[in-house]
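Taking it in order: structure first as structure tokens, then the write-up.
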Amino acid sequence: MTFRKYMDKLIELSIIAILVMVPVIFYTRTNDVFEINKLFVMKMFVIIISAAWLFNMIRDRKILLVKSAFDFPVLGYVAACLVTAFVTKNYYLSIFGVYEDFEGIITMCFYAMLFFIAVNHVKKTGFCRSP
């Protein structure tokens, strides 16, 4: 198995781990959606996915970005989050979010990174066929 296939498999398994581990293993009825343990696991896997994706791009010596219909809306949402984070009265709250929720701009950027990397990986590897 080549290095690229190992990195692709690591990306796939990390995405599956995010989908399975975060909602199932850390499910509690009494707590919020955003919890430190859920976000830690999600951010850890997003960092692993990002590193594998970057290693693939460095190894191939080219940057290949696949376009999707949701690119502009997601980028617009992240831009709106960034604008509101810098125009706020409480920067700490905008960046990190409230205690025990952690829904600040850092978390939103991790979600956007996960979206773009997942879309690029799925379309590039051929798991998703466009009509």
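Numbers for the structure displayed
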{"item": "Filter result (closer than 30 Å to Lys9 by Cα, charged (D, E, K, R) and either touching a Ser or Thr at 6+ places or on another chain (Cβ under 9 Å) or surrounded by 13 or more Cβ atoms within 10 Å (Cβ to Cβ) (or both)) within segment 56-111", "result": "Asp71, Glu103"}
{"item": "Pairs where the first residue, in segment 5-21, is touching a residue at least 24 places away in the same chain (Cβ under 8 Å) and the second is outside any helix (DSSP H, G or I) and surrounded by fewer than 17 Cβ atoms within 10 Å (Cβ to Cβ), C-beta under 9 Å, 6+ apart", "result": "Glu12/Phe127"}
{"item": "Residues located in segment 1-45, provided they are at pLDDT below 80, of a type in the set (Phe, Trp, Tyr) and surrounded by 11 or more Cβ atoms within 10 Å (Cβ to Cβ)", "result": "Phe26, Phe34"}
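The values are calculated or read from the model by the stated rules, or taken from the named source; none is laboratory data. Remember, it's a predicted structure, so these values are computed and weren't measured experimentally. Glycine also receives a Cβ, built like all others from the backbone with ideal geometry; neighbour counts cover every protein chain displayed.
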